[in-house]
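Written out below as structure tokens is the structure these notes cover.
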Amino acid sequence: MRLSVRGLRSMCAMSFCLFAVAACGDDDAPPVIDAGVADAAPDATRTDAGPIGRFRDGPYGVSPYDVAGPFTVPTTDGPLDFEAAFTGDDSWIFVVYAPGSAYGESLWNSNVDYLLEDSPDNVHFVFMSYFEEDRSDRAAEHVMELETRVDAALAALPPDRAAHWQPRMHYVTTEALGLGNWVSDMLNTRAEIAFAIDRQQQLREVGLLQSVTAAGPDADLFFLAFEARHFNMEWERAQRLAAETATTIVPVVARATLLDGDLDMAVTLPAAATMASFDTLEVDLDMSCNADIQRNCWEWDRIATLRLCTGAPGALTCDIELARAITTYGRASRWVMDVTPMLALLNEGGARTLRFNAGPASGVMRPYIVDISLRLSNRARGRRPVSAERVYVGTRPFDTTYDASFTPHAFTPPAGTTRTELFAFITGHGFATEPLNCAEFCNHEHHFAVNGTTFTKDNIAAGTSNGCVETVGSAELQTVPNQYGTWPFGRAGWCPGAAVVPYSADLTALAPAGTASTLTYTTTVDGTPFVPMFTTDGYRPEIALSVWLVYWQ
């Protein structure tokens with residue numbers, strides 16, 4: 001990866017990675033939203049199209065997530081008929097040169113070699129140009145100049161790679177606002193420097209195509225490769241979800257506006273007898289923005305949690321975390337998260353209250369639009385989680401007092417247990433108050449010892465320049481690329497715009513059913529005890545921790 005990043009220190013100096021931790025406790029509950037059991041996902045503007053065997057019939061539109069309609073444009077290789085060329089196997093990314101725009105000119109003039117090197121094979125690139133600032137038309141000249149640069153880059157590739165890319169590069173010779181089709185209609189309404197059509201034939205915005213830590217406009221075409229990788233992940237996820245016809249989908253909330261604080265939701269799960277037939281639990285969390293336009297998205301990376309509540313309305317305790325993600329810097333996001341061990345806490349079925357929280361005020365001008373559902377299925381695992389016990393839960397300062405706050409935990413797996421699992425969400429937060437930049441950007445290691453054997457969760461990507469870039473396309477993290485913040489940098493247990501993948505360890509051989517056992521927990525940073533030397537006030541290190549023992553039968 002060739003990220004034009006300026007390093008961790010400049011990132012923290014610009015304060016793009018401020019983080020606030022969402023908490024949940026015994027406060028007054030907001031109004032409860034009713035939900036129930038259904039066989040399909042709740043209606044929403046943003047939906048996966050599922051398998052596509054032919055060009056979709058519409059209805060077509062020009063807004064994000066609308067179905068893209070047919071169009072034909074003149075290119076240096078003759079007419080490009082999008083309907084004839086679209087197969088559903090490829091995404092299409094459009095770049096429009098904007099004379100006079102420092103950002104647009106830096107993007108257009110960046111190195112095309114890296115774009116070809118970093119892009120997945122299944123993408124087409126379409127290059128166009130706007131009028132000059134004086135309204136003269138030099139569109140054909142600009143795209144042919146870029147074609148010359150691309151041809152030079154192709155000539156340097158092995159022949160088979162050049163043959164692959166050459167027919168996938170398209171150069172539109174008519175000025176972008178004068179095409180006389182829906183593309184020019186859209187650009188006249190919403191002047192884009194880049195946009196895309198994904199594999200599901202949906203119109204898509206693209207994100208920020210440069211590092212936020214750059215001193216000035218420094219856009220780079222190779223950032224577009226991350227959009228294409230993300231489209232592939234979304235396509236593969238859509239195929240998987242569409243194929244799971246036996247899944248029971250429990251809507252939790254649909255198109256709810258989250259302005260601030262907690263969103264409490266009454267949910268009716270299937271009856272206990274039906275719940276006993278499921279061995280898999282996924283949480284489907286979609287966080288979009290008003291009108292599905294990313295400029296309406298909130299700009300910070302916050303902990304987003306879905307929790308199970310106990311107690312009566314008005315006196316709820318919501319400290320059972322079912323799923324965790326991190327909100328996206330200024331872009332929409334969707335994560336489908338496998339949290340099967342937490343199925344043990346829902347086995348009774350029936351009426352439950354769930355609480356969703358995505359951190360402090362997102363502001364009434366840019367609220368989140370939230371869709372959540374639970375996906376229950378049987379994947380023939382041969383066993384299922386039947387009970388769980390809390391071990392350590394909470395957010396605590398990460399300093400010399402941290403380890404001492406956790407006492408050894410005695411446990412005995414119940415009779416009939418065939419798997420004992422340690423299941424944990426562990427993420428580090430806080431930065432720029434001590435030399436190691438803990439706990440967001442340092443490698444803190446978490447050691448769980450059971451009867452003399454130690455399991456360690458480390459965070460080796462924390463503090464790296466591209467740790468989160470490397471996760472784009474991951475089916476687990478589902479990281480949103482090209483965010484409007486310091487998304488590329490590796491964090492401790494999380495990435496902005498990504499699901500938090502739980503840590504899991506199989507303790508079965510060490511703690512068989514009926515055997516009295518002890519679990520201990522300690523930490524280090526890069527192999528040594530952490531002794532912070534604070535140099536300033538600010539967001540001091542802390543760990544958000546939720547650790548459970550889960551018993552399967």
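Every number here is computed from the coordinates shown, using simple stated rules; none is lab data. Source: prediction; values computed, not measured. All Cβ positions, glycine included, derive from the backbone under ideal geometry; neighbour counts span all protein chains shown.
Placing one equal scatterer on every Cα of the chain and applying the Debye formula, the log10 ratio I(q)/I(0) at q = 0.06, 0.10 Å⁻¹ is -0.33, -0.88. Once C-alpha pairs closer than 8 Å and six or more residues apart are averaged by separation and normalised to the residue number of the chain, the relative contact order reads 18 percent. Only Cα pairs under 8 Å and 6+ residues apart enter the sum, and on that basis the relative contact order of region 72-201 stands at 36 percent. Take the Cα radius of gyration of region 72-201 and divide it by 2.2 N^0.38 Å, N being the number of residues; the result is 1.02. Which Cα, out of Met287, Pro158, Val253, lies furthest along the positive dipole direction of the chain (beta carbon charges, K/R +1, D/E -1)? Working it through, the farthest residue towards the positive pole turns out to be Val253. Each of Val550, Phe131, Cys309 was placed along the dipole of the chain (beta-carbon charges, centred on the mean Cα), and the one lying farthest toward the positive end is Val550. Using just its DSSP H runs of length 4 or more, each adding -39500 (n - 2.57), the chain gives a mean residue ellipticity at 222 nm of -4000 deg cm²/dmol after division by all residues. Restricting region 279-370 to GluC sites (Glu not before Pro) that sit in a DSSP loop and have at most 14 other Cβ atoms within 10 Å of their own Cβ leaves Glu348.
Of the GluC sites (Glu not before Pro) found in region 154-205, not one falls in a DSSP loop while having at most 15 other beta-carbon atoms within 10 Å. If you plug the beta carbon distance of Ser387 and Thr524 into 1/(1 + (r/R0)^6) with R0 = 45 Å, you get a FRET efficiency near 0.90.
Here region 72-201 is treated with +1 on each Lys and Arg Cβ and -1 on each Asp and Glu Cβ, and its dipole about the Cα centre works out to around 100 debye.
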